[in-house]
Amino acid sequence: MVADPVNSVHLKYASLGVLVLQTTSLVLTMRYSRTLKEDGPRYLASSAVVSAEVLKMFACSVLVLMENNFSLQGMKRLMKEQVVKKPMETLKLAVPAGIYTLQNNLLYVALSNLDAATYQVTYQLKILTTALFSVSMLGRRLSLFQWLSLLLLMAGVTLVQWPTDSEGNTEEQKVLTAGSRFVGVMAVLMACISSGFAGVYFEKILKETKQSVWVRNIQLGLFSFVFGFVGMMVYDGHGVWQAGMFQGYNFVTWVVVVLQAVGGLVVAVVIKYADNILKGFATSLSIIASTLISYFLLEDFNPTG
Ligand code: C5P
């Protein structure tokens with residue numbers, strides 16, 4: 001995608017805005033989909049990860065086609081030149097693909113074991129891991145003031161989301177055993193490290209080369225699909241053979257899959273036109289925004305000291 005500087009600034013803020021909306025709705029819908037009581041088996045999380053990858057690759061292919069003025073020939077030529085004839089460049093994407101696949105599966109583990117609020121609090125640690133990887137891998141320098149802002153942001157968001165004794169949380173938490181919470185928290189902590197590393201690695205690749213962000217995403221998606229598929233067959237192979245990959249899917253499952261795929265596209269644009277640290281601020285903003293909406297509009301949230 002070639003964008004002039006003015007367009008880039010628009011894309012930067014528009015993508016950050018969309019990311020705020022997408023993050024808020026994905027967390028809530030995913031948690032809802034994992035707790036929804038329905039007859040029959042619950043959908044396989046590993047299968048939802050694979051479905052989202054397929055959808056993302058399809059969307060990226062349409063975007064590459066658009067970049068080539070809807071010429072299939074042009075697209076074929078581009079893919080041959082940039083993907084097939086540059087195996088080493090393509091192979092570089094296997095690293096973030098493997099890590100993101102693990103992370104996307106961990107997310108389901110976390111939200112199957114933790115309530116949405118606790119999950120959000122713990123996942124904010126990725127702001128710090130991202131900053132640390134940005135400094136070590138991209139050579140970015142942060143002033144003392146910026147480091148303090150990051151710490152303050154993390155502490156602030158954590159406090160805003162800290163589970164209180166209000167009914168909703170305690171009732172739900174009573175049901176969750178300590179063991180299950182431990183599994184959930186460990187899954188989030190691993191996801192924080194993976195999110196920081198994979199995000200910065202992808203940013204490095206995007207900013208050091210001139211390839212289209214959508215071609216890069218197709219390269220990423222190819223590996224993610226393979227890893228995700230192997231993961232699904234290893235962990236849920238038995239279930240897949242018995243009842244198929246799409247067992248237990250319902251409307252909410254498809255909403256989660258679409259939101260996950262849209263998230264991947266938005267994250268790629270944010271990483272290209274802004275950076276991973278700003279991305280952290282945007283997702284935090286989504287928590288603060290939903291808290292404010294809860295308090296002023298929905299009136300279902302009473303802030304404590
Ligand atoms: O929480 P975090 O921001 O690290 O999540 C990033 C998400 O975006 C992951 O689900 C990852 O699979 C997705 N992604 C993507 N394409 C990219 C970069 C990230 O689909 N180029």
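Each value in this text was obtained by applying a stated rule to the coordinates, not by laboratory testing. It should be emphasised that the depicted structure is a prediction, and the values quoted were computed from it without experimental measurement. When we count neighbours, we look across all protein chains shown, and the Cβ atoms used for this are built from the backbone with ideal geometry, even at glycine.
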- Do any trypsin sites (Lys or Arg not before Pro) in the stretch 1-51 lie in a loop, going by DSSP, with at most 14 other beta-carbon atoms within 10 Å of their beta carbon, and if so which? Lys37
- Where in the chain lies the longest segment free of GluC sites (Glu not before Pro) that are both loop residues by DSSP (not H, G, I, E, B) and have at most 14 other Cβ atoms within 10 Å? 39-298
- Where labels lie 7 Å past Cα in the beta-carbon direction, separation of Val258 and Gln211 in nm: 3.0 nm
- Mind checking the stretch 219-298 for chymotrypsin sites (Phe, Trp or Tyr not before Pro) that DSSP puts in a loop (not H, G, I, E or B) and that have at most 15 other Cβ atoms within 10 Å? Phe246
- Query: More than 31 Å apart: what percent of Cα pairs in the chain qualify?
  - Reply: 32 percent
- Cβ-derived FRET efficiency at R0 41 Å, Met233 paired with Asn7, nearest 0.05: 0.45
- Message: Show me, for the stretch 210-220, the HN-Hα J-couplings you get by feeding each phi into the Karplus relation (A = 6.51, B = -1.76, C = 1.60, θ = phi - 60°), rounded to Hz, glycine and proline as x.
- Response: 9, 5, 4, 4, 6, 5, 4, 5, 5, 4, 4
- Task: Would you mind working out the magnitude of the charge dipole of the chain relative to its Cα centre, with +1 at each Lys and Arg C-beta and -1 at each Asp and Glu C-beta, to the nearest 20 Debye?
- Result: 1240 debye
- Message: Run the helix sum for the chain: -39,500 (n - 2.57) per DSSP H stretch of 4+ residues, divided by residue count, reported at 222 nm to the nearest 500 deg cm²/dmol.
- Response: -26500 deg cm²/dmol
- Find, among the trypsin sites (Lys or Arg not before Pro) in the stretch 62-122, those assigned to loop by DSSP (not H, G, I, E, B) with at most 11 other beta-carbon atoms within 10 angstrom. Lys85
- Any of Lys85/Lys126; Lys126/Lys210; Lys86/Lys279; Lys56/Lys272; Lys12/Lys126 with alpha carbons more than 26 Å apart? Name them for me. Lys85/Lys126; Lys126/Lys210; Lys86/Lys279
- A correct Karplus calculation of ³J(HN,Hα) over the stretch 258-271, with 6.51 cos²θ - 1.76 cosθ + 1.60, θ = phi - 60°, whole Hz and x for Gly and Pro, returns 5, 4, 5, 5, 4, x, x, 5, 5, 4, 4, 5, 4, 5
- When the convex hull of the Cα atoms of the stretch 1-148 is projected onto a plane and the area is averaged over all directions, what value comes out in nm²? 12.8 nm²
- Measure out, as a whole number of angstrom, how far apart the alpha-carbon centroids of the stretch 215-284 and the stretch 135-149 sit. 30 Å
